[in-house]
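The structure under discussion appears below in the form of C-alpha cells.
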Amino acid sequence: MDFLSRRARAIVPYVAGEQPGDRRYVKLNTNENPYPPSPRALAAYQNYDFSSLKLYPPLAMGELRAAIAAAEGVEPENIFCGNGSDEVLALCFPAFFDEGGAGAAFADVTYSFYPVFCSFFGVPFTEVPLEEDFTQDLSKLTAAKAQGLLVANPNAPTGIGIPLAEIERFVAANAGRVVILDEAYMPFFGQSAAPLTKKYENLLVVKTFSKGYSLAGMRCGYAVGSRALLAGLERCRDSFNSYPVDRVCQAVCAAAVADAAYYADTTARVVSERARLTRALEGLGFTVLPSCANFLFAKHAARGGQEIYAALRARGVLVRHFQKPRIAAYNRITVGTPAENDALLAALRDFLGA
Ligand code: PMP
C-alpha cells in the first residue's frame with residue numbers, strides 16, 4: 001500500500017549537510033559559526049524560568065521582535081520571526097507566489113532549498129544562469145518573467161556578495177513585484193539591505209540567528225519588511241503553526257541580538273580566518289572564489305571535488321560537496337576556528353603530498 005499523497009511522493013526533498021555519528025569530525029560542512037553563542041544568550045538560557053513552559057509562547061513575540069528591530073534600525077511591526085530562516089523562506093512561497101502562476105526566479109547556482117520550496121508549493125520557477133565567474137548580473141534576473149525574485153546575498157554556495165548600491169537599484173527596478181533577499185550570511189559581509197525595507201514596500205530581507213549569532217541549534221530566523229508583505233507571512237503562518245518560535249528560543253535570541261559587542265568580535269574572528277584560509281588554500285593549488293560569507297568555495301587544479309571531499313572525510317574533516325552541474329569540481333568549506341582550519345590544511349597537505 002502506498003499511503004502517501006501525490007505531493008509527498010513527487011517532491012525531491014532538500015538534503016542537509018551530513019551529521020555522522022561514527023567518529024568525531026572537524027565539522028566544516030554546514031556553515032555553522034565555530035564560536036559558542038554569546039554569554040548573555042547562555043545566561044538567558046540558564047536563568048530561564050522553566051515553569052513558564054506550561055504556557056504557549058507569547059504570540060506577538062514582543063521582546064524578541066523589539067530586540068531585533070533595535071538591532072536592524074526598524075520598527076518591531078516590521079519584523080516577522082520563524083523556526084529558522086528556512087521556515088520563513090518556506091512561508092514566502094504560499095504568501096507571495098500563486099500555485100501555477102508566473103512563478104519565482106533565482107540563480108542557477110544558489111541555495112538549493114529554493115527549488116524544493118517551489119515544488120512543494122506548486123510554484124513554477126526559472127533558474128537564471130550566473131556568469132562564468134559565478135557573479136550575478138541582476139539585470140538578467142530583472143528580465144525574468146516571474147511573480148517574484150529571490151537572491152541570496154552573499155550567495156551560497158559561492159560566497160560571492162553583491163554591493164548594497166547594486167541591490168538597491170535591483171529592488172527599485174522591480175518595484176511591481178516582491179524581491180526576497182536571503183541574507184543568511186550577511187554578518188560576514190556587513191552590507192545588509194534591511195534598512196531599505198523602509199523605502200521599498202516590495203523588499204523582504206530574510207535573516208537568521210544560525211550563522212552570525214552562533215545559534216543554529218536554536219532554530220530562529222526572521223524577515224524584515226513592509227506591513228504589506230509581513231501580513232502575507234502572518235496569514236500563512238497562522239494557517240500552519242501559530243507558535244513557531246518557542247519560549248526559550250525567544251528569550252535566548254533576544255539576549256543574543258542585544259550583545260552587539262560579542263557578535264562583532266566573533267564575526268571579526270571568522271572574517272580574519274577566512275582571509276588566512278583563502279591564502280593557505282591558494283598556496284595548496286586551489287582556486288578560491290572571493291568569499292563574503294563564513295565559508296569558501298574552492299576547486300583544486302589537479303584533484304576533483306568528490307575526490308577531495310572523500311579524502312578529507314577519511315581524514316576526519318567534513319566539507320560539503322555538491323554533485324551538480326557547474327560546481328562538481330568545488331567543495332564548500334566552512335571557516336572554522338584557527339585550530340579547525342589548521343586541521344583541514346594538515347589533512348589536505350597529507351592528501352596532496354604537499
Ligand atoms: N539561507 C541560506 C542561503 C542558507 O545557506 C541557510 C542554511 N542552510 C539558510 C538560509 C537557512 O538557515 P536557518 O534555517 O538555519 O536559519
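If eta is 1.306 mPa s and T is 10 °C, what Stokes-Einstein diffusion coefficient results for the chain, Kirkwood Rh from Cα pairs, in µm²/s?
In µm²/s, the coefficient is 75.
Considering only DSSP beta bridges whose two residues both sit in the chain, what percent are antiparallel, to the nearest 5?
Bridges in the chain that DSSP calls antiparallel: roughly 50 percent.
Once phi is turned into ³J(HN,Hα) by the Karplus curve 6.51 cos²θ - 1.76 cosθ + 1.60 with θ = phi - 60°, what whole-Hz value does each residue of segment 185-199 show in order, with x for glycine and proline?
Ordered by residue, 3J(HN,Hα) equals 9, 4, x, 8, 10, x, 10, 4, 8, 3, x, 5, 5, 6, 9 Hz.
Between segment 227-257 and segment 171-193, how far is it from one alpha carbon centroid to the other, in angstrom?
20
Whole number in Å², please: accessible area per residue of the chain, 1.4 Å probe, ligands, DNA and RNA not counted.
Heavy-atom SASA per residue in the chain reads 44 Å².
Under 5 Å between amide hydrogens, which residues at least 5 positions from Phe295 or on another chain qualify, with H placed 1.01 Å from N in the peptide plane?
Answer set, sorted by chain and number: Val335.
Give a quick list of trypsin sites (Lys or Arg not before Pro) in segment 18-95 that DSSP marks as loop, anything other than H, G, I, E or B, with at most 15 other Cβ atoms within 10 Å.
Arg23, Arg24
Amide H of Gly148 versus every other amide H placed in the peptide plane: which residues, excluding those fewer than 5 positions away on the same chain, fall under 5 Å?
For Gly148, the qualifying residues are Ala105.
Rounded to whole Hz and in sequence order, give me ³J(HN,Hα) for segment 251-259 from the Karplus expression 6.51 cos²θ - 1.76 cosθ + 1.60, θ = phi - 60°, writing x for Gly and Pro.
5, 5, 5, 4, 5, 5, 5, 7, 9
Using a 1.4 angstrom probe on heavy atoms only, work out the carbon and sulfur share of the accessible area of the chain in %.
Percent of accessible area from carbon and sulfur atoms in the chain: 55.
Given springs between every Cα pair under 10 Å in a Gaussian network model of the chain, which of Ala310, Ala339, Ala268 has the largest fluctuation?
Ala339
Amide H neighbours of Gly304 under 5 Å, at least 5 residues apart or on other chains, H built in the peptide plane: list them.
Sorted by chain and number, the residues that satisfy this come to none at all.
Output wanted: per-residue J couplings in Hz (rounded whole) for segment 97-103, from phi through Karplus 6.51 cos²θ - 1.76 cosθ + 1.60, θ = phi - 60°, x for Gly and Pro.
10, 7, 4, x, x, 6, x
The values are calculated or read from the model by the stated rules, or taken from the named source; none is laboratory data. Since we're looking at a predicted model, the values are computed, not measured. Ideal geometry is used to build each Cβ from the backbone, glycine not excepted, and the neighbour counts take in all protein chains shown. Just so you know, the surface numbers come from the protein's heavy atoms only, side chains and all, with ligands and any DNA or RNA stripped out. Shrake-Rupley method; radii C 1.70, N 1.55, O 1.52, S 1.80 Å.
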